[in-house]
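Enquirer: Pasting in a structure now, in structure tokens, and then I'll have a few things to ask.
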Amino acid sequence: MAKMTKFKFYPLYITYKEAEDEALIYMYGRNENGEQICVSDHFRPYFWVLGDLNLIKPELDETVIETKIEKKEYIGEEVEAIKIVTTLPRNIPVLKDKLKEVAVAVLEADILFVRRYLIDKEIVLGQEYEIQGEEMPIRKGVRTYEIQAIKGTEKSYENEKVLAFDIETHPEKNEEFEGPILMISFYGENFKKVITWKHFRTTEKYIEFVNSEADLIQRFKEVVEELNPDVLAGYFSDGFDLPYIASRAKKYKIKLEIGLDHSEIRLGKGANKSSRITGITHVDVYKFIRNITQLDVDDFRLDTVANALLGENKKQVDFTKLVEHWENSSKDLEEFCKYNLHDAKLTYELCKRLLPQLVELVKIVGLPMEDVNRLSVSQLVEWFLIRNAHKFNQLAPNKPSHDEISKRMSKRYKGAFVYEPKPGLYKNIMLFDFRSLYPTIIASHNIDPGVMNCKCCAGTAQKVPLENEDIWFCEKEKGFLSSVIGDLIERRIRIKEIMKKQKNPFLDARQDSLKLLANSFYGYLGFYAARWYSFDAARSVTAYGRYYVKKVIGSAEKQGFKAIYSDTDSIFLTFEDKTKQEAMKFMDKINKELPGIMELEFEGIYPSGIFVSVKGAEYGAKKKYALISEKDELIIKGFETVRRNWSPIAKEVQKKVLSIILKESDAEKAFNYVKKIADKIRKKQIEIKKFTIKTQITKPIEEYGAIAPHVAVAKKLIEKGIEIVPGQMIEYVITKGKGRIGDRAKLTNEVTKDDIDSEYYIKNQLIPSVGKIFEVIGFDEGELEKEGSQSKLSGFF
């Protein structure tokens, strides 16, 4: 008789296996002693159908083991839905095709089996559960228990064992994974190792030598098995490292059976391919940073991201020498091993840095970490809604068809209200922001397609402020979407209150994750591929946004403030004889008039600020201004300083000019500074890296018509055998010479300072970066083009 036991369990990974006429759930994780175990559970796949059961029954086959009618909510309507329970997950697509001709709707047939299990059982991976289970025969070397009872606790698993890895390949033969892997590095807590199959002299103990590439791959497998990590982390490892290792393993007929069930790495297909390892969560740090973190960087290369988040950079080595050193077994290969190990170290530190947010998103959305790692923000919002739909007895709508998506994409609605700034230099600026404007509008005005234009409130409900439109939302019954977003906002408010008393990285990650999802709700409502898409709900949100911003501006001007700029949720006011106390009193009055959880917040006072005009126009540019705070901090929005496609020298000069004008009110000094830099450029006194321009490739090279500089350089790189893909940043400088700019664009490492086209950078980078700033204060930018370092200015202030 099997032994029954009780224990505490942290599930970290979920999968399923089919056995005869049943699919069994398997969850891998750790018990309270840190031992790696597996628990199994019985669960039947199912989906929902709306329609007449008598018409549907003839279409069902022997795989259906139960049909059951239940009352559910579907987009604001109470319906009688038929639950179709079948034996195996693979039966559902077949049954769906049979039923779609006789059913009103087939719903939730595309929810993956393991996700359905997590939703229905309300299990969150990484949380602690008390398990009563029956001990089963050891499964593939892992102790396994069959669940008899499961109960959640409030504890979370916070000791994920992370192992990061990185590979280096032959630089001349890595197309289609044809070249050999030269070395593989690992980095974890108290562990570092580089494995290579070229022997050379070294005293570094972390370098391990094997005799061939096949042995190298075998050691990769062994190291992962020996260290037994919860998380295997790579950087762009879905797109490069793991597929490369798997391809080379296939060449040598090596089975990469590193799954805890002794299964091989499973490689995904398509543009968003992913690599999975049973029982081990594979985190591609690159994907999470690109999709979720909203990190403001020029590109997502490891060097750029590590510098932004960790303040570290990749080690510098000369890769043009790698083949020579490799073939000669040179001791200089040690530098490449150090380079390889440092990449793994950066990946490890980035993963540890981002893990709290990943963990918190898993808790909120309810999906496995490897899914959260790879989904977009809109997909996370959708799965958060699907998970909560079950709790609210709601049925999730289906994904739209291609035809429906095309129709949605053709529709447009009016966005945020923009109070265009008048270009100028302003003193004494107060900034107010609506806290989470769109999310709080959705919650406060019950904006939800399920309760839109309800019969119970016809003629009595407040109408959405849209001209010649009659749209309202129920004032008696709370909608599903507005309820869950309201809960998100309230949870974040409570967490921020707790954080005032105690600092906790997980609390900070949680409030940040809640903010991310809440702020993405409005965009999701108007997203053409969304299940809960609603054109009228989305435009109602922006209509209310415009209404409240205009209301605040009107009230402020009646109180003696002067509005100078507003966009979406921010309002900039100037004042002469007003005090901060009066501003707070004004804000309190507004907040008493706002509905629900809407709130206006005071962001601060700025002693001076500058707004510039749009190129070729007299009116002010949106989202382009600079401010000085009371703490003497420079805040820059929209200028080239914070944008790509501009050289470092242009950005540096622009930031310095803004600082001089706003902090020192010294226009003469600012002008002469720019003239001095122009002189230095002409005299070749500035280092070449400050002239590098970065531009992103946005589509396949063959689709470009005009040959812009970055495209010309990209084509030269392709001719050298370097792969260029959409999303990649191209770095180049413009050199002296005749002909098109594209012909004069060169890689930075191909030229010297003497090759730089000084006049191009002065006229097309330096002067445009500061011209609009000087124009605001009454100076013709043409004066800047004249040679010489000094000039007199007037009329600035």
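The values are calculated or read from the model by the stated rules, or taken from the named source; none is laboratory data. It should be emphasised that the depicted structure is a prediction, and the values quoted were computed from it without experimental measurement. No Cβ is skipped: glycine too gets one built from the backbone with ideal geometry, and neighbour counts run over all protein chains shown.
Enquirer: Regarding the stretch 366-387, can at least one residue be identified that is at pLDDT below 95, of a type in the set (A, V, I, L, M, F, W, C) and touching a strand residue (DSSP E or B) at 6+ places or on another chain (Cβ under 8 Å)?
Expert: No.
Enquirer: Filter the stretch 68-117 for residues that are within 22 Å of Met27 (Cα to Cα), in contact with a Leu (Cβ under 7 Å, 6 or more places away or on another chain) and surrounded by fewer than 19 Cβ atoms within 10 Å (Cβ to Cβ) and give the result.
Expert: Arg115
Enquirer: Ok, one more. When you go through Val39, Val85 one by one, which is the residue that is in contact with an Asp or Glu (Cβ under 8 Å, 6 or more places away or on another chain), within 30 Å of Lys161 (Cα to Cα) and among the hydrophobic types (A, V, I, L, M, F, W, C)?
Expert: None of the other options fit; the residue is Val39.
Enquirer: Out of all the residues in the stretch 274-305, which are among the acidic types (Asp, Glu) and closer than 22 Å to Lys651 by Cα?
Expert: Passing the criteria: Asp296, Asp298, Asp299, Asp303.
Enquirer: A further question on this structure: For the condition under 30 Å from Leu395 (Cβ atoms) and outside the structural domain of Ile571 (by TED's automatic domain parsing), what is the one hit in Asp448, Asp470, Asp508, Asp487?
Expert: Asp487 is the lone residue from the list that is under 30 Å from Leu395 (Cβ atoms) and outside the structural domain of Ile571 (by TED's automatic domain parsing).
Enquirer: Being exposed (fewer than 13 other Cβ atoms within 10 Å of the Cβ) and more than 16 Å from Tyr761 (Cβ to Cβ) is the requirement here; does Glu687 meet it?
Expert: It is false that Glu687 is exposed (fewer than 13 other Cβ atoms within 10 Å of the Cβ) and more than 16 Å from Tyr761 (Cβ to Cβ).
Enquirer: Can we say His199 is in a loop (DSSP other than H, G, I, E, B), on the phi > 0 side of the Ramachandran plot and surrounded by fewer than 20 Cβ atoms within 10 Å (Cβ to Cβ)?
Expert: Taking the combined requirement at face value, the residue does not satisfy it.
Enquirer: Same structure, new question: For the condition farther than 30 Å from Leu232 by Cα, surrounded by fewer than 19 Cβ atoms within 10 Å (Cβ to Cβ) and in contact with a helix residue (DSSP H, G or I) (Cβ under 6 Å, 6 or more places away or on another chain), what is the one hit in His390, His402?
Expert: His390
Enquirer: Regarding the stretch 443-451, can at least one residue be identified that is among the aliphatic types (A, V, I, L, M), surrounded by 15 or more Cβ atoms within 10 Å (Cβ to Cβ), touching a residue at least 40 places away in the same chain (Cβ under 8 Å) and in contact with a Cys (Cβ under 8 Å, 6 or more places away or on another chain)?
Expert: Yes, the stretch 443-451 contains a residue that is among the aliphatic types (A, V, I, L, M), surrounded by 15 or more Cβ atoms within 10 Å (Cβ to Cβ), touching a residue at least 40 places away in the same chain (Cβ under 8 Å) and in contact with a Cys (Cβ under 8 Å, 6 or more places away or on another chain).
Enquirer: Just checking, which of Ala103, Ala109 is part of a loop (DSSP other than H, G, I, E, B), of a type outside the set (Val, Ile, Thr) and at pLDDT below 95?
Expert: Ala103
Enquirer: Still on this structure, I have one more. Looking at (1) over 30 Å from Lys422 (Cβ atoms); (2) touching a Phe, Trp or Tyr at 6+ places or on another chain (Cβ under 8 Å); (3) crowded, with 21+ Cβ neighbours inside 10 Å, which one does Leu514 not meet, given that it meets all the others?
Expert: Evaluating Leu514 over (1) over 30 Å from Lys422 (Cβ atoms); (2) touching a Phe, Trp or Tyr at 6+ places or on another chain (Cβ under 8 Å); (3) crowded, with 21+ Cβ neighbours inside 10 Å leaves (2) as the failure.
Enquirer: Among the listed residues Glu146, Glu172, Glu130, which satisfies the condition of being outside the structural domain of Thr87 (by TED's automatic domain parsing) and either assigned to a strand (DSSP E or B) or more than 27 Å from Asp41 (Cα to Cα) (or both)?
Expert: Just one listed residue meets the conditions, Glu172.
Enquirer: Surrounded by 15 or more Cβ atoms within 10 Å (Cβ to Cβ) and over 25 Å from Phe177 (Cα atoms), is that true of Lys694?
Expert: For Lys694, the condition - surrounded by 15 or more Cβ atoms within 10 Å (Cβ to Cβ) and over 25 Å from Phe177 (Cα atoms) - is met.
Enquirer: Where in the stretch 499-616 are there strands (runs of 3 or more DSSP E), lying wholly inside it, with at least 1 residues that are of a type in the set (S, T, N, Q), closer than 29 Å to Ile485 by Cα and modelled with pLDDT under 95?
Expert: Counting at least 1 such residues, we get 562-567, 570-574.
Enquirer: Within the stretch 735-756, which residues are assigned to a loop (DSSP other than H, G, I, E, B) and within 16 Å of Lys689 (Cβ to Cβ)?
Expert: Leu747, Val751, Thr752
Enquirer: Give the residues of the stretch 671-717 that are in contact (Cβ under 8 Å) with a residue 40 or more places away in the chain, assigned to a helix (DSSP H, G or I) and among the hydrophobic types (A, V, I, L, M, F, W, C), sorted by residue number.
Expert: Answer for the stretch 671-717, where residues must be in contact (Cβ under 8 Å) with a residue 40 or more places away in the chain, assigned to a helix (DSSP H, G or I) and among the hydrophobic types (A, V, I, L, M, F, W, C): Phe671, Val674, Ile677, Ala678, Ile681, Ile688, Phe691.
Enquirer: A further question follows. Hey, among Lys580, Lys585, Lys589, Lys558, which residue is in contact with a Ser or Thr (Cβ under 8 Å, 6 or more places away or on another chain), in the same structural domain as Asp448 (by TED's automatic domain parsing) and surrounded by fewer than 14 Cβ atoms within 10 Å (Cβ to Cβ)?
Expert: Every option except Lys589 fails the conditions.
Enquirer: To continue, here is another question. For the stretch 377-412, what are the residues that are outside any helix (DSSP H, G or I), basic (Lys, Arg) and touching a residue at least 12 places away in the same chain (Cβ under 8 Å)?
Expert: Lys399, Lys411
Enquirer: Mind telling me which of the residues Glu208, Glu257 ends up being assigned by TED's automatic domain parsing to the domain that holds Ala308, free of Cβ contacts under 8 Å to residues at least 60 places away in the same chain and outside any loop (DSSP other than H, G, I, E, B)?
Expert: Just a single option satisfies the conditions, and that option is Glu208.
Enquirer: How about the stretch 365-376: which of its residues are within 16 Å of Thr293 (Cβ to Cβ) and assigned to a helix (DSSP H, G or I)?
Expert: Val365, Met369, Val372
Enquirer: Look through the stretch 411-459, keep the residues that are among the β-branched types (Val, Ile, Thr) and farther than 17 Å from Ser482 by Cα, and return whichever of them is nearest to the chain's Cα centre (by Cα).
Expert: Here the answer is Val418.
Enquirer: Which residue out of Tyr252, Tyr235 is among the hydroxyl-bearing types (Ser, Thr, Tyr) and within 23 Å of the chain's Cα centre (by Cα)?
Expert: One residue alone meets the criteria, Tyr235.
Rundown of residues vs (1) within 30 Å of Ser376 (Cβ to Cβ); (2) buried (at least 16 other Cβ atoms within 10 Å of the Cβ); (3) modelled with pLDDT of 90 or more; (4) touching a Phe, Trp or Tyr at 6+ places or on another chain (Cβ under 9 Å), yes/no style:
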position: Ser274; (1), (2), (3), (4): yes, yes, no, no
position: Gly279; (1), (2), (3), (4): yes, yes, yes, yes
position: Val305; (1), (2), (3), (4): yes, yes, yes, yes
position: Asn313; (1), (2), (3), (4): yes, no, yes, no
position: Val317; (1), (2), (3), (4): no, yes, no, yes
position: Lys331; (1), (2), (3), (4): no, no, yes, yes
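Enquirer: Give me the pairs, please: first residue somewhere in the stretch 718-747 and buried (at least 16 other Cβ atoms within 10 Å of the Cβ) and among the basic types (Lys, Arg), second residue anywhere and at pLDDT 85 or above and in a loop (DSSP other than H, G, I, E, B), beta-carbon distance under 6 Å, and either six or more positions apart or on two chains.
Expert: Matching pairs, first to second residue: Arg744/Gly737.
Enquirer: Read through the list (1) hydrophobic (A, V, I, L, M, F, W, C); (2) within 33 Å of the chain's Cα centre (by Cα); (3) surrounded by fewer than 16 Cβ atoms within 10 Å (Cβ to Cβ), then give the number of the only condition that Leu53 fails.
Expert: Failed condition: (2).
Enquirer: Just to be sure I understand the filter: pairs with C-beta atoms under 8 Å, separated by 6 or more residues or on different chains, first member in the stretch 151-177 and under 30 Å from Lys121 (Cβ atoms) and at pLDDT 85 or above, second member polar (S, T, N, Q) and part of a loop (DSSP other than H, G, I, E, B). Which pairs pass?
Expert: Qualifying pairs under 8 Å: Lys161/Asn228.
Enquirer: Residues being of a type outside the set (A, V, I, L, M, F, W, C) and within 30 Å of Asp567 (Cα to Cα): count how many of those fall in the stretch 637-696.
Expert: Counting residues in the stretch 637-696 that are of a type outside the set (A, V, I, L, M, F, W, C) and within 30 Å of Asp567 (Cα to Cα) gives 22.
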